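Worksheet: the structure to be examined is printed underneath.
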Amino acid sequence: MVNKLRTFLLNIFKGRNVSPWWILLIDMGIVTNAFILAFVLRLNVQLQTYSVSEMIIKAIWVLTVYLISFLLFGSYRGVIRHSNYHEFKLVIIACFSSFSFLMISDAVSRIAGYNWINVPRLVVIFQFLLTVMLSFVFRMIVKEMYASLTKKSTTTNVYIFGAGEMGQITLEAIRNDKDNQYNVVGFIDDNEFKWNMVLHSIPVFGWDKAVKIGGSKRVDLVIMAINRISVQRKHEIADTCLNKGWKLKVMPSVGNWVNGISNQMQIRDIRIEDILGREEIRLNQLQIMEGLANKMIVVTGAAGSIGSEIVRQLLRFPVQKIVMVDVAESALYDLQQELLLSHTDAPFVAVLGDVTNYHRMKEVFDKYQPDIVFNAAAYKHVPLLEEFPYEAIRVNIGGVKVLANLAVEHKVDKFVMISTDKAVNPTNVMGASKRICEIYIQALSQLKDMHTEFVTTRFGNVLGSNGSVVPLFKKQIEQGGPITVTHKDITRYFMTIPEACQLVLEAGFMGQGGEIFVFDMGDPVKIIDLAKEMVSLSGLKLGEDIDIVFTGLRPGEKLYEELLASKENTLPTHHEKIMIAMVRKYGFESVNQKIGDMIQALDNEDNHVLVGRMKELVPEYKSQNSKFNVLDGQMILK
Ligand SMILES: NC(=O)c1ccc[n+]([C@@H]2O[C@H](COP(=O)([O-])OP(=O)(O)OC[C@H]3O[C@@H](n4cnc5c(N)ncnc54)[C@H](O)[C@@H]3O)[C@@H](O)[C@H]2O)c1
């Protein structure tokens, strides 16, 4: 019998959502009952002292007022079993409006002598309170019934880390999911003012207490739902969870939700990027919005890690069009398909083309007349470019020269070039090629009457980008290892892709042009620690399930990357994470001549001569662990 009732109720819940008109009818039933109850209370249960016909007239008046309010505020339109604070707020607003109107009309009616709409004030007050209370109780009963009917027997006990807005959104998403398998047993928060509070019937604990009582609460999983938290704290939480055998998942920030919908599906396994990623960056949205509004924008290297993220971020602003240029056909196609799915009406166009080809790029500039260019097209792999300096010069330097010259010819307002920390005191061909790009851009920007503002942005490694250490380790872990680390002491600075690209946008609209903006990369991370953390997060045991092997530094590879933003070599800006690099500037004529000659010489000179030309342009470029060491200290070109 009980089971039959359960199935019957479940069928009702699982079927189509109940029509809003039924909800309105139930709400009106509540208003009617509240009205009768209010009268009973007002007359001390002696209803007979009141004339029935008079009471019916007043009831019709009161019901009409409430009905109009409900219709105006749409308080009946929500799905009752998913009622939340916002929906209930609408009910309160609708009831309060009716209450206020009835109080005013009562006062007016007394003066004007319309006795039929004259409802005793105490009745109006009681009725308001009772209606709000009964509506709340009705919604809560439906919600709880639904939750208990749909609760799975095999639930996972969960802590939500973060009792702020994100934490509460996560709880809401879990509770509203009809296939929910999570049973939230507590919030955890570092803010001690929240400890011992109860949020949506869930207690809030400090971390130490939560860890202590986690066993008795049979906790299996911690969901991180917090934006503002230090890297160190994330490490501590991850380590404790791993020690305790608790799984760790994450609720991404709203901007990173798949399809932008709040539901339990958004909760995903934690990635190393989540642990290493730092506090979310607060952008000067207004300045960026003004800078991008209605602008025609070219993004080169759009199919790459940085270029594609710049495109995604640009799509959040009301730009006129984004022209996505890349030479990698399949990757560009994939990006196009991704955006067609997620941004159906977005203004973008994909252009297959090589940035080193002046004529192809001129066609693009002629056709689209861009206002802004973001240049992320480049070759970036240190060992490969050490082997093939020809390509570093052809693509990185040649590409920038073509694009920057076209930007000047077409009076583009802004040209933002993406550079790298490897351009600082370069030790390899790749870093040196990027430094030469910076020198060219800066020299160009100093020319008299230059319309285009040239901006360079420099930053360190980006977590998870194509060919970087994180996807490599991930693949090695999936294949059972070993994990290859080049040196036990090697360190790198890391940023997440969105973090880096947000700073690129912010820096793009700072300054007057000619600046090299460098980003605060936080503290360096030992690659061996990164590997160990990734092993732990994957649930494997180092030394038992998987090994780490050291393969030796690769040609051109530094043990420690240069600190980008030290106080000695940078100037501050209004953004705490963006600094201006103090670098030697070069005159345009000689730089242009030397770069032009270098590109001209590409097909006639061997790699040593070409790298010699690079060293002449960048005197601080000293090769490390490379066949080009022999060139240091000796001039091979006049
Ligand atoms: N990934 C990082 O960790 C990182 C960190 C700092 C700076 N950067 C810099 O950002 C830039 C982009 O890096 P990424 O990680 O996005 O690399 P990526 O390889 O993912 O993307 C580069 C894109 O440029 C395209 N490209 C190459 N040559 C081209 C050409 N001739 N014409 C048109 N498109 C061409 C490629 O097809 C690719 O899609 C590089 O200059 C790199 O030095 C990267």
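The values are calculated or read from the model by the stated rules, or taken from the named source; none is laboratory data. Every value quoted in this text rests on a predicted model; they were computed, and no experiment measured them. Please note: Cβ atoms are built from the backbone with ideal geometry, for glycine as well, and neighbour counts cover all protein chains shown. The area values use the complete protein model at the heavy-atom level, side chains included, leaving out ligands, DNA and RNA. Shrake-Rupley method; radii C 1.70, N 1.55, O 1.52, S 1.80 Å.
Relative to the longest principal axis of the C-alpha atoms of the chain, give the angle of the C-alpha long axis of helix 588-601, reported between 0 and 90° and rounded to the nearest 10°. With rounding to tens, the tilt is 70 degrees.
Could you order 582, 103 so the one with the most accessible surface comes first? Probe is 1.4 Å. Don't jump to the answer; show the numbers that get you there.
On the way: 582 95, 103 50 Å².
So, going from the largest accessible area down, we get 582, 103.
With +1 assigned to the C-beta of every Lys and Arg and -1 to the C-beta of every Asp and Glu, and no other charges, what is the dipole magnitude of the chain about the Cα centre in debye, to the nearest 20? Dipole size: approximately 2280 debye.
Across segment 419-427, computed HN-Hα scalar couplings (Karplus, 6.51 cos²θ - 1.76 cosθ + 1.60, θ = phi - 60°) run 10, 8, 5, 6, 7, 7, 6, x, 10 Hz from first to last residue, x flagging Gly and Pro. Solvent exposure of residue 22, expressed as accessible area, is near 150 Å², computed with a probe of 1.4 Å over the protein chains only.
Looking at the chain only, what percent of DSSP beta bridges run antiparallel? Nearest 5 please. Kindly include the intermediate steps, with their values, before the conclusion.
Working: 12 of 64 bridges.
Taking every DSSP beta bridge with both residues in the chain, the antiparallel ones total about 20 percent.
Can you pick out the pairs among 249/577; 558/615; 380/411 whose Cα atoms lie more than 20 Å from each other? Working shown, then result.
On the way: 249/577 28 Å; 558/615 18 Å; 380/411 29 Å.
The pairs that break the limit, which is 20 Å between Cα atoms, are 249/577; 380/411.
Which of the trypsin sites (Lys or Arg not before Pro) across segment 474-558 are loop residues per DSSP, with 14 or fewer other Cβ within 10 Å? Numbers along the way, then the final one.
On the way: sites: 474, 475, 488, 492, 526, 532, 541, 558; in loops: 488, 541, 558.
Taking segment 474-558 and a limit of 14 other Cβ atoms within 10 Å, the loop trypsin sites (Lys or Arg not before Pro) found are 488, 541.
When the accessible area of segment 517-638 is computed with all protein chains present and a 1.4 Å probe, what percentage of it is carbon and sulfur? Spell out each step's value before the answer.
Working: 3410 of 6820 Å².
Answer for segment 517-638: carbon and sulfur cover 50 percent of the accessible area.
Helix 231-244 and the longest principal axis of the C-alpha atoms of the chain enclose an angle of approximately 70°.
A probe of 1.4 angstrom, applied to the heavy atoms of all protein chains, finds residue 523 with accessible area near 130 square angstrom.
Which of the peptides 462-472, 333-343 is most tightly packed, and how do the rest follow, going by the mean number of other Cβ atoms within 10 Å of each residue? Let's see the in-between values first.
Working: 462-472: 18.3, 333-343: 14.2.
Taking the mean over residues of other Cβ atoms within 10 Å, the ranking is 462-472, 333-343.
The angle between the Cα long axis of helix 497-508 and the longest principal axis of the Cα atoms of the chain comes to about 80 degrees, rounded to the nearest 10.
Within the full protein context, the accessible area of residue 37 is estimated at about 80 Å² for a probe radius of 1.4 Å.
Just flag the trypsin sites (Lys or Arg not before Pro) in segment 72-162 sitting in loop per DSSP whose Cβ has no more than 16 other Cβ atoms within 10 Å. Intermediate values should be presented prior to the final figure.
Values: sites: 77, 81, 89, 110, 121, 139, 143, 151, 152; in loops: 77, 151, 152.
Taking segment 72-162 and a limit of 16 other Cβ atoms within 10 Å, the loop trypsin sites (Lys or Arg not before Pro) found are 77, 151, 152.
Ordered by 1.4 Å accessible area with all protein chains kept, 477, 599, 188 run largest first as 599, 477, 188.
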